[in-house]
Amino acid sequence: MKYQFPQNFYWGSAASATQTEGEAFQAGKGTNIWDHWYQQEPNRFHNGVSATEASTFYRNYQSDIQLMKDIGHNSFRTSISWSRLIPNGVGEVNREAVEFYSNVIDEQIKQGVQPFICLFHFDMPMAMQEIGGFENREVLDAYANFAETCFKLYGDRVKHWFTFNEPIVPVEGGYLYDFHYPNVVDFKRASTVAFHTMLAHAKAVEKYRALDQDGQIGIILNLTPSYPRSQNPADLKAANICDLMFNRSFLDPAVKGEYPQELVELLKQHDQMPVVEVGDCELIAKGKIDLLGVNYYQPRRVKARENAVHPEAPFMPEHFFDYYEMPGRKMNPHRGWEIYEKGVYDILTNLKDNYGNVPCYISENGMGVEGEEKFLVDGQIQDDYRIDFIKGHLKWLHKGIEEGANCLGYHLWTFIDNWSWCNAYKNRYGFYQLDLKTQKRSVKKSGEWYAGVSKANGFED
Ligand code: BG6
């Protein structure tokens, strides 16, 4: 069967500043929470590898963008590092960084790879974290000023902006589950950071609209469908609470301009509401987006809790559900994540039916593989598993589009194997293999295959 995609479909991949640039302590960049945390606790990073060892995009962006073109990219998302552009979070702008991002954007345009630019991919400047990060409302204004600086510098050339990538992840990692700095475990502080992040988003959207530039602004959300074990009301309730907490907590304000009443009631009932000030709801209403980026890796399967909560345990989302391992689920054994291709269709259908069919694209989807060198044959990674993974998701995406979903593109995570926070280089995701010692990039079989898909604007299977 032939899977043909709409004209001007975005084919590309995604990455982020901190994960690819390197030069973490050079070229005038200020420190961010990752640089700081590594200095404090290098043992928290896989094999003790820090962001200073990221894949040298700062130095090699020109040849890297050429490599994007070689595998048929017509678009590529990265982010602007706040701590590189404005080292202290507020105040002086780093001229070298202004030029660097300008050059990257120009080079992408020159090579026919549209720049999709995100303004925050987990990398809070340390100077901002020291005053409380997104718990402190001053930081919201600092972020909005940083965003406005970017719009003014690059808005003439960048037509696709994203305020945040997966804004729930710093909330989960930093304030609930101990996998990002500042390693706090406190639901109320987490809900405050989540709410304030959306206020910061709305402030940035407001700044963008005021400049009247002819582009689009959106947000990138990791929308993980919550599937209940069964139709038992207790399982359905567990799945609904997950959906409220992990998806709708960001999706509703971003697309509808308001929070689900059910979520507000739930947090009130458990005394976990952030402080809402006069004017906040009006501001959230102004944060409605033009374009939604959807990151999808794996589903969330849940069931009703089997045991009572320990009375002294801190309040957590898991008070309302247990994770459920569905028998017979398809796994990516190299990362330990379930593969469920239909999830992409379920997300698109939900956006079509319940979110006004907001224009969207798949902004991340991908398959991490630990120890991928074992698939090297004659110097090339034979990643047929990744080709199957992409095909499987594209087929469901295609079906969604045929049924009317407003999905405009597909970006893989990621372009070249890159550094990934605490997992550093553990799981490889790229179209290009990275040799950590020499920094040599070698195209994988999937990269060559993707070039053909992009050229044909589809594939046969
Ligand atoms: C995505 C993030 O959710 O997962 C990326 O946006 C991250 O920043 C990617 O690198 C892969 O994560 P991991 O833990 O498998 O390396």
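Every number here is computed from the coordinates shown, using simple stated rules; none is lab data. Since this is a predicted model, take the numbers as computed values, not measurements. Methodologically, a virtual Cβ is constructed for each residue, glycine included, from the backbone with ideal geometry; neighbour enumeration extends over all protein chains shown.
For the chain, rounded, prolate or oblate, judged on the Cα gyration tensor with a ≥ b ≥ c (square roots of eigenvalues), a/c < 1.5 rounded, else prolate if a/b > b/c? Rounded, since a/c falls under 1.5.
Give, as ranges by residue number, the residues of region 315-346 whose backbone N falls under 16 Å from the point 7 Å along Cα→Cβ of residue 177. Of the residues in region 315-346, 315-325, 335-339 have backbone N under 16 Å from the label point off residue 177. Placing a label point 7 Å from the Cα of residue 141 along the Cα-to-Cβ line, the residues of region 262-285 whose backbone N sits under 17 Å from it are 277-280, 283. Which distance in Å, rounded to a whole number, links the C-alpha centroids of region 446-461 and region 259-309? Taking the Cα centre of each part, region 446-461 and region 259-309 sit 38 Å apart. Among 205-213, 139-147, sorting by the average number of other beta carbon atoms lying within 10 angstrom of each residue, highest first, gives 139-147, 205-213. Taking other Cβ atoms within 10 Å as a rough exposure proxy, 370, 265 sort from fewest to most as 265, 370.
Is it possible to state the helix-based mean residue ellipticity at 222 nm for the chain, with each DSSP H run of 4+ residues giving -39500 (n - 2.57), the sum divided by total residues, to the nearest 500 deg cm²/dmol? What is it?
-11500 deg cm²/dmol
Between the listed residues 456, 371, 419, the Cα displaced farthest toward the positive end of the dipole of region 361-460, a dipole computed from Cβ unit charges relative to the Cα centre, is found at 419. Stretched out straight at 0.36 nm per residue, the stretch from residue 275 to residue 102 would grow longer than its current Cα-Cα span by 58.4 nm.
Any chance you could check the Cα centroid distance between region 62-101 and region 406-429 for me, in angstrom? Here the two parts' Cα centres lie 17 Å apart. As a rough guide to protection, the peptides 290-302, 251-263 ranked by mean Cβ packing within 10 Å, highest first, stand as 290-302, 251-263. For the chain, relative contact order (Cα pairs under 8 Å, six or more residues apart, normalised by length) works out to 19 percent.
Note down the magnitude of the dipole of the chain about its Cα centre, charges +1 on Lys and Arg C-beta and -1 on Asp and Glu C-beta and zero elsewhere, to the nearest 20 debye.
Dipole about the Cα centre, nearest 20: 880 debye.
For the chain, hydrophobic long helices are taken as DSSP H runs at least 30 Å long by C-alpha position along their axis with mean Kyte-Doolittle hydropathy of -0.5 or more; these are 187-211. When the charge dipole of the chain is built from unit charges on Cβ atoms (+1 for Lys and Arg, -1 for Asp and Glu) and taken about the Cα centre, the candidate among 98, 3, 208 whose Cα reaches farthest toward its positive end is 3.
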